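The block underneath contains the structure these notes are about, expressed in structure tokens.
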Amino acid sequence: MPAPLRVVIVGGGTAGWMCAAALVGAVRPGVCEVRLVESDEIGIVGVGEATLPQIKEFNEYIGVIEADFMRKTNATFKLGIEFVDWGFKGSSYIHPFGVHGKPMGGVPFYQYWTKARQGGRTDDIEDFCLPIVASRLNRFDFPTTDEGGINSTFAYAYHFDANLYAGFLREFSEARGLRRTEGKVIDVTLRAQDGHIAAITLNSGEVIEGDLFIDCSGFRSLLMGKALEVGYEDWTPWLPCDRALAVPCERTGPLTPYTRSTAREAGWQWRIPLQHRTGNGYVYSSRFISDDEAAATLLANLDGAALDDPRPLRFQAGRREKSWHRNCVAVGLASGFLEPLESTSIYLIQVAITNLLKLMPARTIDPALVEEFNRLVDVEYERVRDFLILHYHANTRDDAPLWTYCREMDVPESLRRRMSLFQHRGHIHKYGQGLFAPPSWLSVFVGQGLRPAHYDPLVDNLPYERIVAEMDALRDSVALAARSMSDHAAFVDDYCASPAAVRLREGVAS
């Protein structure tokens, strides 16, 4: 049996511990020896974290029990993201983890909705989407596996405390034999013959050798950026926000099963509901607002009293020119950063891990594996990038310079082509690879005011009377299914109430 691959993960946090958990939880024993190096002195921003449904697949894949994970991370359920004031002031729409309507005659539902709108109907397309209607009612239940039923037409994700999730995965990984080393990396030694990383040196003086190094050191990118000097592709011209402030506040009001993103003068504010508190933040462009003004805006728009001072974060939207170079793989912020507008940060970590597991090298690394990994990661980043740019570009706001800039800026040709196809005849191409299926694009297109000039001619194969009759029946069945769901707060309390939430409830009761 060949010697195991020596894997060294540099950095903890969400990225590092997701990598560790996957390698010890999913890889057959003896294939690799995993060691993680991190310093307790280096913290992470963990006010709250919103995710996409793929995180459920990751947790199941490595063997995590859902209720246990949720209880230990103060987690709640998530059916989508509400966008307030994005297309124009006063607007609101939800990007759901589910579909709008159901196809008729092999044609997507929204094509029939478009014809009905042009015929004078005023139906809101959100009324035909179960997770949206449930979100508006603060309801939740697990989807069913009956593909013919309306309760199977959605998925769900989570909100959780990012610090607690990293700690949960650390406990999970160490229970399965992972070796963790406390320390800071002060030097990286490269092999003279090929420039690969030979070893890292810690502040304790310990030298750690490895065959494959995974850089999870965050924005510092100690290995990929500093040691290997891999360049960074700047996407700031398309995604101009470059700073964020994060702060938790007291939990007040209903426990919503969705994230909220509210457009502000110079960026947008997030709201992430956890069991025991609410995570908040303001992502903004320093070109259009000062740090003090941003902090004042954030603190003035919280649901409850702030529980800490706002914590600052500076970033540059973009990605490394390569995510795998020589014997180093960059994961998470070390690989790139796309603001958390659509909760893609953990998804991109997961994508890197999934592809690494599929392309796991031997002690001698095959360049073909490296090339394929970079291709797959690049596709994911570029398609997420385009989707985020769409939110900024498709606006009609005239109240602040940021929104004028975003509306008038040049966008990537891939996005321009996609917008043109939708505006012409409502066509939304389904990616063969990459995140965000047509329902996601539809929610943003329609939610921010884009309307197709025409509809698919195949729609005319069905009589108009049948179309509107089926729409009426579907809208009613969606409303009934949503009202039949449990209250979200009650569901969470019954399924996975955390100790912190129980203490909060008892304190309020007393």
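Numbers at a glance
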| item | result |
| --- | --- |
| Kirkwood-based Rg to Rh ratio, the stretch 230-281, C-alpha trace | 1.12 |
| Within the chain, longest stretch free of exposed GluC sites (Glu not before Pro) [DSSP loop, at most 14 other beta carbons within 10 Å] | 322-510 |
| Förster radius 35 Å - calculated FRET efficiency between ARG466 and GLN433 (Cβ-Cβ, nearest 0.05) | 0.45 |
| Pairwise FRET efficiency - ALA473 versus ALA500, Cβ, R0 = 35 Å, nearest 0.05 | 0.20 |
| For the stretch 365-411, convex hull volume per residue from C-alpha positions, Å³ | 71 |
| Cα-projected label distance for ARG425 with LEU458, points at 7 Å along beta-carbon direction, nm | 1.1 |
| Kirkwood Rh, angstrom, the stretch 176-332 [1 / mean 1/r, Cα pairs] | 18.5 |
| Cα convex hull of the stretch 269-405 - mean projected area over all directions, nm² | 10.8 |
| Within the chain, helix-based [θ] at 222 nm, where runs of 4 or more DSSP H residues each add -39,500 (n - 2.57), nearest 500 | -11000 deg cm²/dmol |
| Scaled radius of gyration (Cα, divided by 2.2 N^0.38 Å) that the stretch 20-160 gives | 1.40 |
| For the stretch 83-124, convex hull of alpha carbons as volume per residue, Å³ | 88 |
| Extended-chain gain in nm, criterion 0.36 nm per residue less alpha-carbon gap, LYS89 and ASP292 | 70.7 nm |
| Links that overshoot a 25 Å alpha carbon limit, given the list LYS89/LYS115; LYS184/LYS358; LYS78/LYS322; LYS102/LYS430; LYS115/LYS430; LYS56/LYS358 | LYS89/LYS115; LYS184/LYS358; LYS78/LYS322 |
| The stretch 297-347: radius of gyration over Cα atoms, expressed as a fraction of 2.2 N^0.38 Å | 1.61 |
| Square roots of 5 times each gyration tensor eigenvalue, C-alpha, the chain, largest first, Å | 39, 26, 24 |
| Surface/4 estimate of mean projected area, convex hull on alpha-carbon atoms of the stretch 242-318, nm² | 5.2 |
| Neighbour cut-off at most 15 other Cβ (10 Å), DSSP loop, chymotrypsin sites (Phe, Trp or Tyr not before Pro), the stretch 423-510 | TYR431 |
| Potential lengthening between ASP378 and THR181 on full extension [0.36 nm per residue; Cα-Cα distance subtracted] | 67.8 nm |
| Expected-Rg normalisation [2.2 N^0.38 Å, Cα atoms] applied to the stretch 351-510 | 1.53 |
| Potential lengthening between GLN316 and ARG363 on full extension [0.36 nm per residue; Cα-Cα distance subtracted] | 13.5 nm |
| Exposure proxy ranking, count of Cβ atoms within 10 Å, fewest first, for PHE288, PHE69 | PHE288, PHE69 |
| At 1.002 mPa s and 20 °C, Stokes D of the stretch 350-446 from Kirkwood alpha-carbon radius, µm² per second | 137 |
| Net charge contributed by nearby residues that have their C-beta within less than 12 Å of ASP85 (K/R +1, D/E -1) | +1 |
| Viscosity 0.692 mPa s, 37 °C: Kirkwood-radius Stokes-Einstein D of the stretch 49-104 over Cα pairs, µm²/s | 237 |
| Approximate spin-label separation GLN193-LEU307, in nm, with each point projected 7 Å along Cα-to-Cβ | 5.4 |
| Nitroxide proxy distance, nm - points 7 Å out along Cα→Cβ at ALA300 and LEU480 | 4.8 |
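Read-outs: derived from the displayed coordinates by stated rules, not from any lab. All values reported here derive from a predicted model rather than from experimental measurement. Ideal geometry is used to build each Cβ from the backbone, glycine not excepted, and the neighbour counts take in all protein chains shown.
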